[in-house]
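Note sheet for the following structure.
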Amino acid sequence: MPVSLNLRDGYKKLIERDESIKERLDDLLRWMLLHKDMFNEKSHERSAMDFVCWRGLLTKILCTPYENREDWKIAAARYKGCIYLCEYDTQQKIENKRHEGVLQKEMSYWGFKFEQYVTTNVKDGHPDTDKPVNNNEAFVSVVRTHLNNHSLVFGGEVDCSDGDEYVELKTSRIMNDPKHIINFKRFKMIKWWIQSFLIGISKIICGFRDDDGIVKYLKTFKTNEIPTYCKDIRDCWKGTVCFNFCDEFLKFVRNSIELDYDKGIYVYEWMPHHSVSYKVMEPDSEYAFLPEWYTTQFECNRVDGASPPLCTDVLSKADHMSTRQ
């Protein structure tokens, strides 16, 4: 579908999220407290799930077998038998952010602007492209599922819906060369497919743009057709390889953790062409991400069966989350 959408429009009015504030798992944990009965065994002695994390972290793990540039660092804390996973910035990522140029920073805005162009808050409404883009706002879907013997709970942002179906919105540079198409299928499509597959997103709408940030046309990809769409490239990625690696990594984490969160935090690191390694950190180190208010509220719930009062901020954040099983 041919269009002409200027992604640079309104950049100076951006209401920008403060990236220096690291919320870790806090929003997801607040939501879980409000729905605690979904996540506790009847005995209340252990959780009814094995792992809790954000979708972005799972995506990173799943892409690892085909990743050759970006490393990752993941902290793990065990509480009531459940392992909470939280991503931390690697030194490489910190350095990349520090040397980020003006254009690179602006280009990170383009995706948010594209979302504004093609979405509306009411059915049959029209996009309001004059108001400032606010990248603090998000709707999160919480998924409870299994990967072989692992019970997983994770949250992931959803851009919009078309009727009852979730839709992912993306932008990408116009492809004018066969090499561009190969790289698109090899490096972008694997991440797009995993992100969408995990949350149950049925289709991805991509705005293809030029170097000036002008979207020239839209194309829709059905999530379940992406692996077939990418099969024609040499040594194409395979979803089974991704999920097998994730399964093995989660086994490795479960088998290596011997201490609960108040005795030690386990930090797992991976670099391209290297094996996963880990170290055990003190419970009060910089990797202590499981907040006291979360464990305290869970303990209160276990003792008297009543939910402790939660602040209005928790309630407002939870209103922007849904659950899928």
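Just wondering, is there one or more residues in region 2-24 that are under 30 Å from residue 238 (Cβ atoms) and open to solvent by less than 80 Å² (accessible area, probe 1.4 Å)?
Pass one, region 2-24, residues under 30 Å from residue 238 (Cβ atoms): none.
Within region 2-24, none of the residues are under 30 Å from residue 238 (Cβ atoms) and open to solvent by less than 80 Å² (accessible area, probe 1.4 Å).
Which one is farthest from residue 27 (Cα to Cα), of the residues in region 133-144 that are open to solvent by less than 60 Å² (accessible area, probe 1.4 Å) and assigned to a loop (DSSP other than H, G, I, E, B)?
133
Could you tell me how many of the residues in region 118-159 are closer than 30 Å to residue 216 by Cβ and not polar (S, T, N, Q)?
Taking region 118-159 first, the residues closer than 30 Å to residue 216 by Cβ are 118-139, 156-159.
Now narrow it down to the ones that are not polar (S, T, N, Q): 118, 122-128, 130-133, 137-139, 156-159.
So the answer is 19.
Given the criteria assigned to a helix (DSSP H, G or I), of a type outside the set (Ser, Thr, Tyr), under 30 Å from residue 291 (Cα atoms) and open to solvent by 80 Å² or more (accessible area, probe 1.4 Å), does residue 263 qualify? I'd like the intermediate steps shown before the answer.
Values: assigned to a helix (DSSP H, G or I): no; of a type outside the set (Ser, Thr, Tyr): yes; under 30 Å from residue 291 (Cα atoms): yes; open to solvent by 80 Å² or more (accessible area, probe 1.4 Å): yes.
In short, no.
Across region 65-77, what is the number of residues that are out of contact with any helix residue (DSSP H, G or I) (no Cβ under 9 Å at 6 or more places or on another chain) and in a strand (DSSP E or B)?
Summing the residues that are out of contact with any helix residue (DSSP H, G or I) (no Cβ under 9 Å at 6 or more places or on another chain) and in a strand (DSSP E or B) in region 65-77 gives 2.
For region 150-180, give me the residue count where each residue is more than 22 Å from the chain's Cα centre (by Cα) and of a type in the set (S, T, N, Q). If you could, list the steps in order and put the result at the bottom.
Of region 150-180, the ones more than 22 Å from the chain's Cα centre (by Cα) are 163, 173-180.
Imposing the further condition that a residue be of a type in the set (S, T, N, Q) reduces the set to 176.
So the answer is 1.
Which of the following residues is within 20 Å of the chain's Cα centre (by Cα), open to solvent by 20 Å² or more (accessible area, probe 1.4 Å) and free of Cβ contacts under 8 Å to residues at least 12 places away in the same chain: 255, 244?
Result: 244 is the single residue among 255, 244 that is within 20 Å of the chain's Cα centre (by Cα), open to solvent by 20 Å² or more (accessible area, probe 1.4 Å) and free of Cβ contacts under 8 Å to residues at least 12 places away in the same chain.
Can you tell me which of (1) open to solvent by less than 40 Å² (accessible area, probe 1.4 Å); (2) at pLDDT 95 or above; (3) not in a helix (DSSP H, G or I) is the one residue 87 doesn't meet?
Unmet for residue 87, out of (1) open to solvent by less than 40 Å² (accessible area, probe 1.4 Å); (2) at pLDDT 95 or above; (3) not in a helix (DSSP H, G or I): (1).
Quick check on this structure: which one of 150, 180 is touching a strand residue (DSSP E or B) at 6+ places or on another chain (Cβ under 8 Å) and free of Cβ contacts under 8 Å to residues at least 24 places away in the same chain? First the steps, then the outcome.
Details: 150 fails: free of Cβ contacts under 8 Å to residues at least 24 places away in the same chain.
The unique qualifying residue is 180.
Would you check which residues across region 169-194 are polar (S, T, N, Q) and either modelled with pLDDT under 95 or open to solvent by less than 40 Å² (accessible area, probe 1.4 Å) (or both) and list them? Break it down into steps so the answer makes sense when it comes.
So in region 169-194, the residues polar (S, T, N, Q) come out as 171-172, 176, 183.
Hits for region 169-194 are 171, 172, 176.
Under 6 Å by Cβ, and 6 or more places apart or on different chains, what pairs join a residue from region 114-138 that is among the charged types (D, E, K, R) with one that is surrounded by 10 or more Cβ atoms within 10 Å (Cβ to Cβ) and not in a loop (DSSP other than H, G, I, E, B)?
Every condition considered, the pairs that remain are 115/169.
The values are calculated or read from the model by the stated rules, or taken from the named source; none is laboratory data. Since we're looking at a predicted model, the values are computed, not measured. Every residue, glycine among them, receives a Cβ derived from its backbone with ideal geometry; neighbour counts consider all protein chains shown. Surface accessibility is based on the protein's heavy atoms, side chains included, excluding ligands, DNA and RNA. Shrake-Rupley method; radii C 1.70, N 1.55, O 1.52, S 1.80 Å.
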